[in-house]
Amino acid sequence: MIRSLILALSAATLVACVSILPEPKAPEGLYRFGPMDAMYRLEASIVVREPEASRLIGGRAIAAEDGDGALHLVRNVEWAESATRMMQMALLDTLGGGNAGMAVASETGAPTDFELVWRVSDFTLSGTMARCRMEATLLQGRTRKVLAQVNVSTTALALTPRNASRAKALTDAGRACISDVAAFVAEKTAAVPEPDA
């Protein structure tokens, strides 16, 4: 009997402790990149991998750098899904004009003429300035030989210091980076002769 009473009191205490913990706050806004308009008609096929990035800048959180160079999470705003996945989908949209070639996601496993491997080195806020920096490498599809590489960097200015406005500016900087990478892919895949069969 005493044992049952002690167990019941212990369970009640645990329930009380759990209810004291604050519930996580839902963000006030979720942001996304796309859909983006198709801007290029490819002459060859290319697989677009999800870009590499650190967990801080490649995930759902939005980070800002303070005056001392420390990164902090921006409150009340997040990405609708991981930033790197949204970048991959936005680039596929941009390259989706259709012609003799096409851009496909790496998950398809389809053999292609080319492959894009890319890395996001910066995707943060600094005050009201949004920054995006990427490195993109174009590989030959079958041999994986490096054909071309480019570094792109863009910025966008938030209209107000509010977090929602800053998140919108980061979206704009990201979309501009995607457009620059798409232009690089379209130019280089058109300039390189198709590999021998």
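The values are calculated or read from the model by the stated rules, or taken from the named source; none is laboratory data. As the structure is a computational prediction, the values presented were derived from the model and not from experiment. Backbone-built Cβ (ideal geometry, glycine too); neighbour counts: all protein chains shown. The protein model used for the area step is the full one, side chains on, heavy atoms only, and it has no ligands, DNA or RNA in it. Shrake-Rupley method; radii C 1.70, N 1.55, O 1.52, S 1.80 Å.
Before moving on, here are some points about what is shown:
- Cα-Cα pairs of region 118-197 separated by more than 16 Å (percent): 56 percent
- Among the GluC sites (Glu not before Pro) found in region 111-197, not one is both in a DSSP coil and sparsely packed, with 14 or fewer other Cβ atoms within 10 Å of its Cβ.
- Computed over protein heavy atoms with a 1.4 Å probe, the accessible surface of region 34-192 works out to 48 Å² per residue.
- Pairwise Cα separations in region 34-192 fall into 5 Å bins from 0 onward with the following percentages, short to long: 2, 10, 19, 22, 18, 12, 9, 6, 3, 0, 0.
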